[in-house]
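K.L.:
Before I ask anything, here is the structure I am working with.
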Amino acid sequence: MSPQYAPNSTKTFRSFRFSRLYVERDARAYPLAEQVPAGLDGLPLVEIDHYKDVFNRPGQDFQVQKRAPALILAVERGNYLYRAGERVCGCDAPLPVYYNDMVRNCLYNCDYCFLQGMHDSAHCVLFVNTEDFVAAARRTADRGEITLSVSYLTDLLAFEPLFGLCGVWIDAAESHPSLRIEIRTKSNNYRAIRSRAPAPSTLLSFSISPEPARKRYEPGCAGLRNRLFAAREAQRDGMRVGLCFDPILPVSDWRAAYDECIAETFRTLDPERIEEATLGVFRAAPDFLKRMRRSRSDTDVLHAPYVVQHEPEGGAVATHPPELREALVEHVSARLSEHLPPDRIHPIHG
Ligand code: SF4
């Protein structure tokens with residue numbers, strides 16, 4: 001079955017603010033490479049041989065580029081699916097969890113985002129050979145049930161009016177008995193996928209932060225109230241809805257901020273129909289954190305006194321000292337447990 005992309009092909013999306021469009025020669029044959037430029041209303045288009053010619057150029061400045069990023073349409077030639085570790089999924093995740101990266105980088109620019117440590121470039125890459133990503137997920141699901149996180153490395157729902165990829169993945173999951181997907185978002189773009197509701201194989205997970213933390217560290221993302229309204233609409237349509245408190249942000253007076261935020265969340269949403277709440281604290285690979293700090297001196301969230309924790313199986317992670325980590329997780333867990341049973345609250349290893 002060919003993917004059905006966004007229904008908005010006659011609309012244009014100036015709000016995406018891309019400065020330029022690069023298209024790999026090999027990408028031009030794919031439907032998305034026609035649909036996306038049509039939505040960008042005459043944006044200058046430059047044909048290139050390979051996305052890495054632009055994306056991997058030396059001497060790029062992530063934050064400078066972020067003010068006016070380019071969009072690159074490319075073909076992925078082999079890496080369609082990755083197995084996720086414990087830091088991606090909740091400790092109690094019942095199925096093997098995978099993720100993919102059909103989109104590199106994000107519409108948003110959260111202060112704490114690890115993408116600024118992962119990529120030299122802030123340009124967005126969209127891999128247009130969606131069928132190959134879907135086929136890889138289906139092949140893996142043929143061997144047993146899996147959960148696929150389609151927005152671990154971007155906010156796919158934020159791009160939905162232009163790319164339409166959440167719709168493609170919802171359809172793919174609905175048509176395969178062993179494929180479940182998770183769409184995690186800081187947008188309120190639920191209406192862009194509403195026609196697919198109730199979509200029982202999809203978990204729509206809204207990232208939640210107190211409004212003062214959202215304003216300070218998640219500029220451009222939907223406000224708390226708008227995310228909650230979108231989540232409520234999704235619940236009423238019968239979608240499976242989850243919540244994600246990750247990272248829990250120790251803003252000033254953070255206990256009161258999270259108390260108010262969680263109270264507002266459960267004033268707006270039906271707790272009976274919250275499938276799960278995941279929670280975690282800031283964590284990053286130490287070399288990513290170094291690059292993130294070099295990239296940004298303008299945010300305290302990257303310059304907190306993190307400690308490097310070495311893991312028994314090798315590897316290391318930079319995160320809060322243990323006392324703060326435990327205080328953050330315990331406090332938010334305790335507030336959540338006033339509304340949700342323990343088996344629906346999933347801390348993520350930090
Ligand atoms: S929404 Fe997620 S992926 Fe996008 S910038 Fe924020 S943290 Fe990064």
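Each reported figure results from applying straightforward, stated rules to the coordinates on display, with no laboratory input. Computed from a predicted model, the values in this text were never measured in an experiment. Cβ sites come from the backbone with ideal geometry, for glycine too, and all protein chains shown count toward neighbours.
K.L.:
With the chain treated as a Gaussian network of Cα nodes joined by springs under 10 Å, which of A136, A74, A199 yields the largest mean-square fluctuation?
P.N.:
In the Gaussian network model the winner is A136.
K.L.:
Right, another one. Assign unit charges at the C-beta atoms only (+1 for Lys and Arg, -1 for Asp and Glu), then state the dipole size of the stretch 135-197 relative to its Cα centre in Debye, rounded to the nearest 20.
P.N.:
60
K.L.:
If you place +1 on the Cβ of every Lys and Arg, -1 on the Cβ of every Asp and Glu, and leave all else neutral, what size is the dipole of the chain about its Cα centre, to the nearest 20 Debye?
P.N.:
The calculated dipole for the chain is roughly 840 debye.
K.L.:
Got a sec? How would K66, K215, K186 order by Cβ neighbour count within 10 Å, fewest to most?
P.N.:
The order, fewest Cβ neighbours first, is K215, K66, K186.
K.L.:
Could you run the Debye sum over the Cα atoms of the chain, one equal point scatterer each and no solvent, and tell me log10 of I(q)/I(0) at q = 0.11, 0.14 Å⁻¹, two decimals?
P.N.:
Here the Debye-derived log intensity ratios amount to -0.73, -1.25.
K.L.:
Sticking with this structure for a sec: Antiparallel as a % of all DSSP beta bridges within the stretch 34-162, to the nearest 5?
P.N.:
35
K.L.:
Hey, can you rank 153-159, 112-118 by average C-beta count inside 10 Å, highest first?
P.N.:
Ranking the peptides 153-159, 112-118 by packing returns 153-159, 112-118.
K.L.:
A follow-up question, please. Once you put a point 7 Å from the Cα of N56 and another 7 Å from the Cα of R28, both along the Cβ direction, what distance in nm separates them?
P.N.:
According to this spin-label approximation, the distance is 2.4 nm.
K.L.:
What list do you get for W169, W254 if you sort them by fewest beta carbons within 10 Å?
P.N.:
Exposure proxy ranking, most exposed first: W254, W169.
K.L.:
OK, next. In nm, what is the difference between 0.36 nm times the number of residues separating Q63 and H331 and their Cα-Cα distance?
P.N.:
Computed gain between Q63 and H331 is 93.1 nm.
K.L.:
Using a simple charge model, +1 on the beta-carbon of Lys and Arg, -1 on the beta-carbon of Asp and Glu, nothing else, what dipole does the stretch 252-297 show about its Cα centre, in debye to the nearest 20?
P.N.:
720
K.L.:
Among V134, F288, A33, whose Cα lies farthest out toward the positive end of the dipole of the chain, if unit charges sit on the beta carbon of Lys, Arg (+1) and Asp, Glu (-1)?
P.N.:
Of V134, F288, A33, it is A33.
K.L.:
Report the one residue of A334, F62, Y258 whose Cα lies farthest in the direction of the positive end of the charge dipole of the chain (charges on C-beta: Lys and Arg +1, Asp and Glu -1; origin at the Cα centre).
P.N.:
F62
K.L.:
What FRET efficiency, computed as 1/(1 + (r/R0)^6) with R0 = 25 Å and r the Cβ-Cβ distance, is obtained for R255 and S178, rounded to the nearest 0.05?
P.N.:
0.05
K.L.:
Pairs K186/K290; K66/K215; K52/K215: which are spaced more than 23 Å apart, C-alpha to C-alpha?
P.N.:
K186/K290; K52/K215
K.L.:
Neighbour counts of other C-beta atoms within 10 Å: give me V54, V150 arranged from fewest to most.
P.N.:
Listing V54, V150 from fewest to most nearby Cβ atoms yields V54, V150.
K.L.:
Then there's this: Nearest 5 percent is fine: what portion of the DSSP beta bridges confined to the chain is antiparallel?
P.N.:
Roughly 20 percent of the beta bridges in the chain run antiparallel, per DSSP.
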